[in-house]
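First up is the structure itself, then whatever we jot down about it.
The values are calculated or read from the model by the stated rules, or taken from the named source; none is laboratory data. Note that the structure is a prediction, hence the values are computed from the model and not measured. Note: ideal-geometry Cβ built from the backbone for every residue, glycine included; neighbour counts use all protein chains shown. Heads up: the accessible areas ignore ligands, DNA and RNA and are worked out on the full protein's heavy atoms, side chains in. Shrake-Rupley method; radii C 1.70, N 1.55, O 1.52, S 1.80 Å.
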Amino acid sequence: MGTGTDSFFKLGPEQVIRCIERTGLHCNGFQLALNSYENRVYQIGLDNGPAVVAKFYRPERWTDAAILEEHAFTLELQAIDIPVIAPLRIAGETLHHDGPFRFALYPCRPGRAPDLENRQQLQQLGRYIARIHALGSTQKFRHRPALNPTTFGDDACTLLLSEEVIPLELESAYMDIAEILLDEIEARFETTAAKLIRLHGDGHPGNILCHQGSLFIVDFDDARTGPAIQDLWMFLSGDKVQQTSLLHTVLSAYTQFHDFDPHELTLIEPLRTLRIMHHAAWLTRRRNDPAFKAAFPWFNTYHFWQEHIQTLREQADAIHQPPLQWFA
C-alpha cells in the first residue's frame, strides 16, 4: 500500500480535528465515527454552530476532478431545492487537502431509513429522483465512469481471475456462467438503448434519510452515468406482485417530473447481476485492508465462491423471466 493509503488507515482523532480546524472551523472535542467502510466519516461538534459531518476520501479511488464533479452535481441539485445533502463551501472550496488527506464537510442531518411501504414516502421519493434525473439529463459527467456491462461486469470478472481468489476447482464454473451472463447483459443493453444520464448511482434505502416526514437523499459518492432505472430498482422489494405495485407507485410520481422509458424495465435483472459481480470485485480489492477480515470474515472462503456462482446461475434464470410491467 502507498503512503497515502497507509495514512488513511491510520487516521486518528487528533488528525481529524487538525484537518477540520485548518479550514477555519473550531471543534469542541465531540467526535463520532459513522458507519462507512469505503471512506472515513465522522460527526464533529463545533464550538459555534451545529455539528458537521467530515468525509475523508479513500486514496486512489477518485481523482480530485471526479470528486469535484460529484460536489458540483449535488450543489446544482440543492440550488433547485432538491433535498440532497451537498458539501459545505468553506472559503469557496468544497474539497479540502491536508497532507495526504482529502476531505469534505457536510451539514449534519438526523434521520432514519424510509418506510417503503408508506405510499406517500414512496411517491415523494419518486418525485425527487425524477427531478434529479431531469437535471442529470442536461449534461454528462466528464470525470466519472459509466455504469455498463464493461465497467461493472467485464472488469469485475477480469479482476477476480487475475487476483486468483476463486478456488481452482470452481474457476471453470465461474468463467462459464460469467461469460453467459455478460453476453446476455451486453445484448440487453444494446437492445434497450437506454438514454444515459447523470445518476445518484447507488439508489437504495440506506441512502435515504427520513426526518419529520421529509426525505433527504445522501451519499452521491457513487454518482455516475447510466440508465435511469439504476436509481429506482433497488427500492422494489418482495415478490413480483409487490414489486409491480411499488413500481406503479414510484413511477406514477416520477413521471410527473420526468419521462420514463418502460423498455428500461428489462434492465432490472441485468443491473442486479452487474451489482452482484461488481460487489465481489469490490470485496476482492479491499481484502487486504487492515479492518477487512473483522468486517467481512465470510469472504474468500470456498463456501462464499460456491454461493456466488450459484447466485449468478439464479440470475441467469431471472434475466430470462418476463420483466415487470408498467403502463403510464
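The listed residues are GLU163, GLU169, and the only one of them that is over 17 Å from ARG272 (Cα atoms), more than 22 Å from the chain's Cα centre (by Cα), loosely packed, with under 14 Cβ neighbours inside 10 Å and in contact (Cβ under 8 Å) with a residue 12 or more places away in the chain turns out to be GLU163.
Residues in segment 230-246 that are aliphatic (A, V, I, L, M) and crowded, with 22+ Cβ neighbours inside 10 Å: LEU232 alone. Every listed requirement among (1) within 20 Å of LEU68 (Cα to Cα); (2) among the charged types (D, E, K, R); (3) part of a loop (DSSP other than H, G, I, E, B) is met by ARG102 save one, (3). Filtering VAL41, VAL16, VAL52 for residues that are within 26 Å of LEU125 (Cα to Cα) and in contact with a Cys (Cβ under 9 Å, 6 or more places away or on another chain) leaves a single hit, VAL52. Just to verify a result, which residue in segment 108-133, among those that are of a type in the set (Gly, Ala, Ser) and more than 29 Å from GLY45 (Cα to Cα), is surrounded by the most Cβ atoms within 10 Å (Cβ to Cβ)? My answer is GLY126. Can you pull out the residues in segment 189-208 that are modelled with pLDDT of 95 or more and open to solvent by 40 Å² or more (accessible area, probe 1.4 Å)? Those that are modelled with pLDDT of 95 or more and open to solvent by 40 Å² or more (accessible area, probe 1.4 Å): GLU190, THR191, LYS195, LEU196. Looking across PHE56, PHE73, one residue alone is under 23 Å from PRO13 (Cβ atoms), modelled with pLDDT of 95 or more and aromatic (Phe, Trp, Tyr). It is PHE56.
The residue pairs whose first member lies in segment 272-299 and is more than 14 Å from LEU182 (Cβ to Cβ), whose second member is of a type in the set (Val, Ile, Thr), and whose beta carbons are closer than 7 Å, counting only pairs six or more residues apart or on different chains, are THR284/VAL165.
Yes or no, residue by residue, for (1) out of contact with any His (no Cβ under 9 Å at 6 or more places or on another chain); (2) modelled with pLDDT of 95 or more; (3) farther than 30 Å from ASN48 by Cα; (4) not aliphatic (A, V, I, L, M):
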| residue | (1), (2), (3), (4) |
| --- | --- |
| ARG127 | yes, yes, yes, yes |
| HIS143 | yes, yes, yes, yes |
| GLY153 | no, yes, yes, yes |
| VAL165 | yes, yes, yes, no |
| GLU171 | yes, yes, yes, yes |
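Contact map, segment 316-328: residues that are closer than 15 Å to LEU247 by Cβ paired with residues that are open to solvent by less than 30 Å² (accessible area, probe 1.4 Å) and modelled with pLDDT of 95 or more, Cβ distance under 6 Å, separation 6+ or inter-chain. Pairs shown: PRO323/LEU265; LEU324/LEU247; LEU324/LEU265; TRP326/LEU247; TRP326/LEU251.
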